[in-house]
Amino acid sequence: MKIPFSPPFINEEIVNEVMDTLNSGWITSGPKVQMLELLMAEYTQLPRCSCVNSWTSGAQLVLKWWGIKPGDEVIVPAYTYAATALVVLRAGAKPVMVDINDQMVMDVEQMKKAISSKTKAVIPVDFAGWPCDYEAIRQALEDESVQALFKKENHFQEQLGRPLIIADAAHSLGATYGKKPSGLQADISIYSLHAVKNVTTAEGGVIGLNLPSPFDNEEIYSWMKLNSLNGQTKDGYAKIQGSEWRYDIVCEGLKINMPDICAAIGLAQLRQYEKLMLPERKRVALRYLNAFQNYDWAELPPQMEKLKESSYHIFPLRIKGISEKERDNIIKKIINSGVSANVHFIPLPMLSIFREKGYMITDFPVSYSNYCREISLPIYPQLSNDQIDSVVSAVVSAVHSYVHEEIL
């Protein structure tokens, strides 16, 4: 039995929505994007959502809006995908890395120690769909000492008076915090709609705006739309709707708009997400939890607590007491049995681009400990219970081939 890692969820509703777009004669940014933005805002309960062509471009746009520049610092966890820090470098600023905690999200105490007069933003990462400790993050950033340290260098920074909280919510669409969508905990949440995410547009992202008063989220949404299309005052869809053809370019925008052909996939998936796709992901996760809790060597990921619930995007199983090399050998054996497995993620300081800038993995022991023991297992709606059991069997067999006897 061959079990892939993360195939897209495609059913008749999704095919029909895509065909409707193709048959409409309009496939770039248009009505489907607008509908997806409204549906995302409804689902996340955020005031406004703006579609872009990737999480990365969305983060670039947010940093541009916030005024991030050379000399600024943005705090990020050392344990995340490279894009979280690459967007900071691209803005000319410095990613200040901090370690994670045992739940594999940003350690708030380490974040506090990293705050300086140069800190302009913090990007907590909801790893595997598990929300960060947003209440503690917000309390830390709203502390009088941090506000006194914060250098306000433009109108928006004056309005907020503290570092911006940008949630890397690439994994956490559908996660909850205090029984509400977790995106409500940040100033801005950026979602990924990449092919392997819970909801996909093949490639895409969504900027979710949740800025407090006196910010006008509608006004900021308009800025995001303008700056995601080269700073052009009128898009092509407006023209074919009968608007005058003449347009202007009023700022140095980016070209990162989402096309309708992609939005159609996400639109059809999001309509089915709460009642079909997300419950099925939860079913898979709970079956894994139930199976692996019987093994002392298994360190299970957090999925539900009183305050938080995951979106069940990744199932990051950790094996106690093994080395990085042993973990790699275990994965090889799992794959040889016909089950796909992965690792999320190689910590940033271990990647050449960051290592060559002086970041050292020895400064982030919790990140390394989790990385070298982590194995990501398949989790998606289409997995049958028999397939889940086959995954468990393959993992158990592989682990028992390599782990030290004393931890069995």
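Within region 304-326, does at least one residue satisfy the condition of being over 28 Å from D168 (Cβ atoms), in contact (Cβ under 8 Å) with a residue 60 or more places away in the chain and touching a Phe, Trp or Tyr at 6+ places or on another chain (Cβ under 6 Å)?
Among the residues of region 304-326, at least one is over 28 Å from D168 (Cβ atoms), in contact (Cβ under 8 Å) with a residue 60 or more places away in the chain and touching a Phe, Trp or Tyr at 6+ places or on another chain (Cβ under 6 Å), which makes the answer yes.
From the set of residues in region 50-66 that are within 15 Å of the chain's Cα centre (by Cα) and assigned to a strand (DSSP E or B), which is surrounded by the most Cβ atoms within 10 Å (Cβ to Cβ)?
Of the residues in region 50-66, the ones within 15 Å of the chain's Cα centre (by Cα) are 51-60, 62.
Filter again for assigned to a strand (DSSP E or B), leaving 51-52.
On the way: C51: 30, V52: 27.
By that ranking, first place goes to C51.
Considering only residues that are surrounded by fewer than 19 Cβ atoms within 10 Å (Cβ to Cβ) and either among the acidic types (D, E) or in a helix (DSSP H, G or I) (or both), which ones fall in region 373-386?
N385, D386
Restricting to region 231-280, name every residue that is part of a loop (DSSP other than H, G, I, E, B) and open to solvent by less than 30 Å² (accessible area, probe 1.4 Å).
Taking region 231-280 first, the residues part of a loop (DSSP other than H, G, I, E, B) are 231, 233-235, 241-248, 250-254, 256-259.
Correct list: G231, G253, I256, N257, M258.
Across region 342-357, which residue is surrounded by the fewest Cβ atoms within 10 Å (Cβ to Cβ) among those that are over 16 Å from the mean Cα position of the chain (by Cα) and in a helix (DSSP H, G or I)?
That would be S352.
Any residue that is polar (S, T, N, Q) and touching an Asp or Glu at 6+ places or on another chain (Cβ under 9 Å) - is there at least one of those in region 57-72? I'd like the intermediate steps shown before the answer.
Step one: list which residues in region 57-72 are polar (S, T, N, Q), which gives 57, 60.
Checking the rest, the ones that are also touching an Asp or Glu at 6+ places or on another chain (Cβ under 9 Å) come to none.
Scanning region 57-72 turns up no residue that is polar (S, T, N, Q) and touching an Asp or Glu at 6+ places or on another chain (Cβ under 9 Å).
Which one of P70, P77 is buried (at least 24 other Cβ atoms within 10 Å of the Cβ) and of a type outside the set (A, V, I, L, M, F, W, C)?
Working: P70 fails: buried (at least 24 other Cβ atoms within 10 Å of the Cβ).
None of the other options fit; the residue is P77.
If P212 satisfies all but one of (1) touching a strand residue (DSSP E or B) at 6+ places or on another chain (Cβ under 9 Å); (2) over 21 Å from V88 (Cα atoms), what's the number of the condition it fails?
(1)
Mind checking which pairs have a first residue in region 27-50 that is among the β-branched types (V, I, T) and a second that is open to solvent by 40 Å² or more (accessible area, probe 1.4 Å), Cβ under 9 Å, 6 or more apart or different chains?
Hits for this filter: I27/I261; T28/D235; T28/Y237; T28/I261; V33/Y237; T44/L184.
Within region 265-277, can you find the residues that are among the hydrophobic types (A, V, I, L, M, F, W, C) and more than 12 Å from L39 (Cα to Cα)?
So the first thing to find is which residues in region 265-277 are among the hydrophobic types (A, V, I, L, M, F, W, C), and the list is 265, 267-268, 270, 276-277.
Within region 265-277, I265, L276, M277 meet the criteria.
L46 - would you say it is assigned to a helix (DSSP H, G or I) and among the aliphatic types (A, V, I, L, M)?
Details: assigned to a helix (DSSP H, G or I): no; among the aliphatic types (A, V, I, L, M): yes.
Spelling it out, it is not the case that L46 is assigned to a helix (DSSP H, G or I) and among the aliphatic types (A, V, I, L, M).
Residue pairs, Cβ under 9 Å, 6 or more apart or interchain, first in region 9-25 and closer than 22 Å to P381 by Cβ, second open to solvent by 80 Å² or more (accessible area, probe 1.4 Å). List them.
Correct list of pairs: E13/R271; E17/R271.
Residues to consider are D328, D386; find the one that is more than 23 Å from R281 (Cα to Cα) and not aliphatic (A, V, I, L, M).
Details: D386 fails: more than 23 Å from R281 (Cα to Cα).
Selected residue: D328, the only one of D328, D386 that is more than 23 Å from R281 (Cα to Cα) and not aliphatic (A, V, I, L, M).
Looking at region 28-43 only, could you name the residues that are among the β-branched types (V, I, T) and either in a helix (DSSP H, G or I) or open to solvent by less than 40 Å² (accessible area, probe 1.4 Å) (or both)?
Taking region 28-43 and keeping what is among the β-branched types (V, I, T), we get 28, 33.
Once the filter is applied, which keeps residues that are among the β-branched types (V, I, T) and either in a helix (DSSP H, G or I) or open to solvent by less than 40 Å² (accessible area, probe 1.4 Å) (or both), region 28-43 yields only V33.
Which of the residues belonging to region 127-151 are in contact (Cβ under 8 Å) with a residue 40 or more places away in the chain and charged (D, E, K, R)?
If the condition is that a residue be in contact (Cβ under 8 Å) with a residue 40 or more places away in the chain and charged (D, E, K, R), then E135, R138 are the ones that fit.
Would you check which residues across region 182-205 are open to solvent by less than 40 Å² (accessible area, probe 1.4 Å), assigned to a loop (DSSP other than H, G, I, E, B) and among the β-branched types (V, I, T) and list them?
V199, T200, T201, listed by residue number.
Under the condition of being open to solvent by less than 10 Å² (accessible area, probe 1.4 Å) and not hydrophobic (A, V, I, L, M, F, W, C), which residue from region 80-98 is nearest to M224 (Cα to Cα)?
For region 80-98, the residue satisfying everything is T84.
Contact list please: Cβ distance under 7 Å, first residue in region 335-362 and on the phi > 0 side of the Ramachandran plot, second residue surrounded by 18 or more Cβ atoms within 10 Å (Cβ to Cβ), pairs at least six apart or on different chains.
G338/I3
Identify, from the list Q139, Q147, Q157, Q110, the residue that is open to solvent by 10 Å² or more (accessible area, probe 1.4 Å), in a helix (DSSP H, G or I), in contact with a strand residue (DSSP E or B) (Cβ under 8 Å, 6 or more places away or on another chain) and modelled with pLDDT of 95 or more. Explain how you work it out, then say what you get.
On the way: Q139 fails: in contact with a strand residue (DSSP E or B) (Cβ under 8 Å, 6 or more places away or on another chain); Q147 fails: in contact with a strand residue (DSSP E or B) (Cβ under 8 Å, 6 or more places away or on another chain); Q157 fails: open to solvent by 10 Å² or more (accessible area, probe 1.4 Å).
Sole residue among the options that is open to solvent by 10 Å² or more (accessible area, probe 1.4 Å), in a helix (DSSP H, G or I), in contact with a strand residue (DSSP E or B) (Cβ under 8 Å, 6 or more places away or on another chain) and modelled with pLDDT of 95 or more: Q110.
The values are calculated or read from the model by the stated rules, or taken from the named source; none is laboratory data. These numbers come from a predicted model, not from an experiment. Cβ: placed from backbone, ideal geometry, glycine included. Neighbour counts: every protein chain shown. The area values use the complete protein model at the heavy-atom level, side chains included, leaving out ligands, DNA and RNA. Shrake-Rupley method; radii C 1.70, N 1.55, O 1.52, S 1.80 Å.
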